[in-house]
Amino acid sequence: MTNLPEPARGGGKNYDAAIIGGGPAGASCAVWLARLGFSPVLIEGRDVLGGLCRSNPFLDEWNASLPGMTGPQVADNLALSVERAGVAVRLSCVVERVEAAGQGFIVTGSGLAEPLRARHLVLATGVRARSLAVPADCAAPLQWPEGILTGPGEHIVAQDFRGKRVAVLGGGDNAFENALYALEKGAQSVQLYARNVRAQRQFVSKLPQACVALGPYAVDPRARTVNGQAYDMIMVFYGWEPCVGFADALGLQRSARGFIATDMRTAQTGCPGVYAIGEVAQRQHPCVVTALADGVTAAKAIQARIEGLPFSV
Ligand SMILES: Cc1cc2nc3c(=O)[nH]c(=O)nc-3n(C[C@H](O)[C@H](O)[C@H](O)COP(=O)(O)OP(=O)(O)OC[C@H]3O[C@@H](n4cnc5c(N)ncnc54)[C@H](O)[C@@H]3O)c2cc1C
């Protein structure tokens, strides 16, 4: 903990909570805190709120309260709710470091003219798709060659699959769904490589068995080959990892799968005053509705902490 003289850094307003990440989890927490009468600031790296919802070009059929909306429409609604709640928002600000200071926290990053101060910190920065391991003879960060696509989203939808030979790596839902998508969009061939299959039966049963190769495999991203076979595209679906490098100074505990460990009732991490919600913590099945619920949990826990009350749901 750095005990900085109060005005030296992060002068100006001391917010009740700095919420980092403007996806469903962060937006929900900000709206609840503002509506409960507190002063949150919502910090988002992109120039628009909505998080991963913006990468979902399809109908969101998992949100029972918003039938028939696409991901970007759900994202637009989140931004509207934040605006109507009068939340202070900082867009295009990528947080690079957070640290404990005195009774609160200091947030610094690109796009922030000066460090922000807050009594509580809410990490809602979501996940990024895991990519291929960087070859030993390459320095990270590596720019993958054209045709290597990581994770699901709009960049997959933007591809022209017609006549292409496509390899899909991974055995989860995303791998099977996107293999089916490439076939549907006219790929010449699709071969899915998986060490084991974890996907739902509804996806696995639709993909012809001849398209699935089970067991170990070797990838050469620069030659764009899998087991020596050349492909026009290699799509990688290796799951997700939390975006929290900026919070390393807090020494937060991780779960066995690498996500931020939290108290299930309050979303508080092992560091008092620091909360982790949504996909960065993966406390529940990752989706918009659970991210929204997590936002409420953290907001209510912060309220209880500020008012010195026992936490109750
Ligand atoms: C292709 C696709 C389709 C999906 N379809 C559905 C669906 O139909 N229904 C459903 O319920 N869920 C769906 N999901 C999942 C859903 O989008 C996520 O579960 C949800 O968005 C997670 O919310 P979150 O707030 O935890 O994180 P995110 O939505 O990832 O938001 C995190 C935010 O933090 C920002 N951020 C990250 N690092 C920093 C930093 N250092 N500084 C500042 N800001 C930062 C990011 O820019 C991002 O805006 C889909 C996901 C994908 C990828």
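Quick notes
- When Val236 is tested against (1) in contact with a Ser or Thr (Cβ under 8 Å, 6 or more places away or on another chain); (2) over 30 Å from Glu184 (Cα atoms), just one condition goes unmet, and that condition is (2).
- When Gly278, Gly273, Gly245, Gly295 are checked against the criterion of being surrounded by fewer than 15 Cβ atoms within 10 Å (Cβ to Cβ) and either out of contact with any helix residue (DSSP H, G or I) (no Cβ under 6 Å at 6 or more places or on another chain) or modelled with pLDDT of 95 or more (or both), a single residue qualifies: Gly245.
- Hits in the range 85-113 - residues which are more than 14 Å from Val41 (Cα to Cα) and of a type in the set (D, E, K, R): Glu96, Arg97, Glu99
- Residue match in the range 34-47 (condition: hydrophobic (A, V, I, L, M, F, W, C), touching a Gly at 6+ places or on another chain (Cβ under 9 Å), surrounded by fewer than 18 Cβ atoms within 10 Å (Cβ to Cβ) and modelled with pLDDT of 90 or more): no
- For Asn77, the conditions (1) assigned to a helix (DSSP H, G or I); (2) polar (S, T, N, Q); (3) at pLDDT below 90 are fulfilled apart from (3).
- When Ala179, Ala194 are screened for being within 16 Å of the ligand (Cβ to nearest atom), within 21 Å of Arg128 (Cα to Cα), crowded, with 18+ Cβ neighbours inside 10 Å and over 22 Å from the mean Cα position of the chain (by Cα), only Ala179 passes.
- Residue that is over 18 Å from Pro57 (Cα atoms), among the acidic types (Asp, Glu) and without any contact (Cβ under 8 Å) to a residue 24 or more places away in the chain, where the choices are Glu184, Glu146: Glu146
- Qualifying positions in the range 17-54 - basic (Lys, Arg) and either near the ligand (Cβ under 6 Å from one of its atoms) or part of a loop (DSSP other than H, G, I, E, B) (or both): Arg46
- Qualifying residues in the range 232-274 (those that are among the aliphatic types (A, V, I, L, M) and within 13 Å of the ligand (Cβ to nearest atom)) - the one nearest to Ile156 (Cα to Cα): Met235
- Filtered residues of the range 86-101 (kept if surrounded by fewer than 16 Cβ atoms within 10 Å (Cβ to Cβ) and not in a strand (DSSP E or B)): Gly86, Leu91, Ser92
- The number of residues in the range 105-128 that are surrounded by 19 or more Cβ atoms within 10 Å (Cβ to Cβ) and either assigned to a strand (DSSP E or B) or under 20 Å from the mean Cα position of the chain (by Cα) (or both) comes to 15.
- For Tyr238, the test of being in contact (Cβ under 8 Å) with a residue 12 or more places away in the chain, in a loop (DSSP other than H, G, I, E, B) and among the aromatic types (Phe, Trp, Tyr) is passed.
- Taken together, the residues in the range 262-313 that are assigned to a loop (DSSP other than H, G, I, E, B), under 19 Å from Thr125 (Cβ atoms) and of a type in the set (Gly, Ala, Ser) amount to 4.
- First in the range 57-79 and over 19 Å from Ala30 (Cα atoms), second anywhere and among the acidic types (Asp, Glu), Cβ under 6 Å, 6 or more apart: Pro57/Glu154; Met69/Asp60; Gly71/Asp60
- Selection count where residues are within 8 Å of the ligand (Cβ to nearest atom) and either buried (at least 17 other Cβ atoms within 10 Å of the Cβ) or not aromatic (Phe, Trp, Tyr) (or both), scope the range 55-73: 8
The values are calculated or read from the model by the stated rules, or taken from the named source; none is laboratory data. Computed from a predicted structure; not experimentally measured. A quick note on method: Cβ atoms are made from the backbone with ideal geometry, for glycine too, and the neighbour counts reach across all protein chains shown.
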